[in-house]
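Shown next, in structure tokens, is the structure this report addresses.
The values are calculated or read from the model by the stated rules, or taken from the named source; none is laboratory data. It should be emphasised that the depicted structure is a prediction, and the values quoted were computed from it without experimental measurement. Note that we place each Cβ from the backbone using ideal geometry, even for glycine, and neighbour counts take in every protein chain shown.
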Amino acid sequence: MSSPNLSRRSFVAAGVTAAASASLIGADPPKKVKVGVIGCGSVSTQYLPHLMKCPFAEVVSACDIKPERAKRLAEKYKVPNQYPNIGDMLAGAAFDLLVNLTDMQEHEKLNKQAIEAGKHVWSEKPLANTLAAGQGLLRLATEKKVRLWGAPCVVVSPQFRYMAEAINAGKLGRVAAAHADYGHEGPNWSAFFYEKGGGSLPDLAVYQLTTLTGLLGPAKSVSAMTSVVTPTRKVGDKGDIKVVAEDNAMVLMDHGNGVISHVQSGFNYFNPHGHDGKNEQRHTLSVVGSTGYLGMVGYDWMPLGVEIATHKQPKLKRESTEKGDYVWQMGASLAAECLATGKDFLVSPEHALHVLEVIQATRESQDTGKRVTLTSTFKRPIG
């Protein structure tokens, strides 16, 4: 969905049609936001096709500390400029929006440099390495009069909206609990997933933490356990490495008013359906109340539907099976649309920072053996 006010028809198709219609009647075509992409690894090959089709975006630069990767990406997608570091990129061809797809430990530093230079930022998760640093980025963005957003954009899916509206309408009665899980056998192409600042929490659990807090409201406190199941790994960029960040996590969140949720994530989870999610038919996320139950079929980053059962209709019924234009990699395109048109969308930096605090509190709870009280909050996307 391109914004809460548009239909759920294809975001790309609608934009292209609008541009074509505008040219026919002599109106100005949609304003294009100039985009610079930093980080030209595997995630960029998911983002770039969507950005290239977005009627509100023009990708003008590609940047990577491995220049050959920036070169390959620029040639494949016909991006006119390429740079080996962010300094050269900021001093080079003018752009409006930085799309940060680098290693997660680097997001904070690069986001700050871009904001200081007056650029808007869409960042893959997490926005920063700590809550305090992330809040500092948001204050800086406000001072510089630029926008800051962070992945994931799971709250824009039709399935999230269906679940939120069912909960808001009281179809579950008094909501009591929720559960979500996401895991696979672990990435094998880069060490950063297993180094300090990496882990299954910011890589995997971040999706379900975003969805559940979005549905149930901000968490008040966290109790958690994490562990390292596989102490050494072999990865493509460094060979044999020691695993430092958690590869197994269990997080309990207290949302207040008696509502408790649980998220588990890990890099040691065999899944017979594979990692891409397209054949996942179980409920990877569920919410239960006194009179009803909701179960998301498939993952929230690739939902296949929502099943609902209530006292009035106790047999599970599958609803919301169409995902419309939603794909997990559409966040940067939506950010470009917001900047081009003034329309907003449901992703907010405050929500991303709250999830970052949940992750931070999870690790603190493991270290101390105590429940950790949270301080951040946000407005629910669909209240």
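Residues are listed down the side, and each one gets a yes or a no for (1) more than 22 Å from L374 (Cβ to Cβ); (2) at pLDDT below 95; (3) surrounded by 21 or more Cβ atoms within 10 Å (Cβ to Cβ):
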| residue | (1), (2), (3) |
| --- | --- |
| L131 | no, no, yes |
| G134 | no, no, yes |
| V146 | yes, no, no |
| V156 | yes, no, yes |
| L172 | yes, no, yes |
In the stretch 266-319, which strands (runs of 3 or more DSSP E) lie fully inside it and hold 2 or more residues that are closer than 18 Å to H179 by Cβ and modelled with pLDDT of 95 or more? 283-289, 292-299, 302-310
Quick check: is even one residue across the stretch 93-101 buried (at least 17 other Cβ atoms within 10 Å of the Cβ), of a type in the set (A, V, I, L, M, F, W, C) and part of a loop (DSSP other than H, G, I, E, B)? yes
Let me spell it out: the conditions are (1) in the same structural domain as G298 (by TED's automatic domain parsing); (2) closer than 26 Å to V35 by Cβ, and K145 meets all of them except one. Which number is the exception? (1)
Quick check: anything in the stretch 185-195 farther than 19 Å from F267 by Cα and out of contact with any His (no Cβ under 6 Å at 6 or more places or on another chain)? no
Go through the stretch 49-64 residue by residue and tally those that are free of Cβ contacts under 8 Å to residues at least 60 places away in the same chain, surrounded by 19 or more Cβ atoms within 10 Å (Cβ to Cβ) and not in a strand (DSSP E or B). 2
For the stretch 65-79, enumerate the residues that are out of contact with any helix residue (DSSP H, G or I) (no Cβ under 7 Å at 6 or more places or on another chain) and either crowded, with 17+ Cβ neighbours inside 10 Å or outside any loop (DSSP other than H, G, I, E, B) (or both). P67, E68, R69, A70, K71, R72, A74, E75, K76
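Yes/no matrix, rows are residues, columns are (1) part of a loop (DSSP other than H, G, I, E, B); (2) over 30 Å from K278 (Cβ atoms); (3) in contact (Cβ under 8 Å) with a residue 12 or more places away in the chain:
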residue	(1), (2), (3)
A335	no, no, yes
C338	no, no, yes
V355	no, no, yes
A361	no, yes, yes
S365	no, yes, yes
T377	yes, yes, yes
Could you tell me which of the residues Q82, Q46 is touching a Pro at 6+ places or on another chain (Cβ under 8 Å), at pLDDT 95 or above and either within 27 Å of K343 (Cα to Cα) or not in a helix (DSSP H, G or I) (or both)? Q82
Note on the stretch 234-258: residues without any contact (Cβ under 8 Å) to a residue 60 or more places away in the chain, in a strand (DSSP E or B) and in contact with a helix residue (DSSP H, G or I) (Cβ under 6 Å, 6 or more places away or on another chain) are V235, I241, H255
For P303, all conditions in the list (1) closer than 30 Å to D96 by Cβ; (2) crowded, with 24+ Cβ neighbours inside 10 Å hold save one; what is the number of the exception? (1)
Inspect the stretch 111-121 for any residue being surrounded by fewer than 24 Cβ atoms within 10 Å (Cβ to Cβ), under 18 Å from the mean Cα position of the chain (by Cα) and free of Cβ contacts under 8 Å to residues at least 40 places away in the same chain and give the result as yes or no. no
Among S265, S320, which is touching a helix residue (DSSP H, G or I) at 6+ places or on another chain (Cβ under 7 Å), of a type in the set (S, T, N, Q), surrounded by 17 or more Cβ atoms within 10 Å (Cβ to Cβ) and more than 24 Å from G199 (Cα to Cα)? S320
Pairs please, first residue from the stretch 148-160 and among the small types (G, A, S), second anywhere and at pLDDT below 95, Cβ atoms under 7 Å, 6+ apart in sequence or on different chains. S157/K323
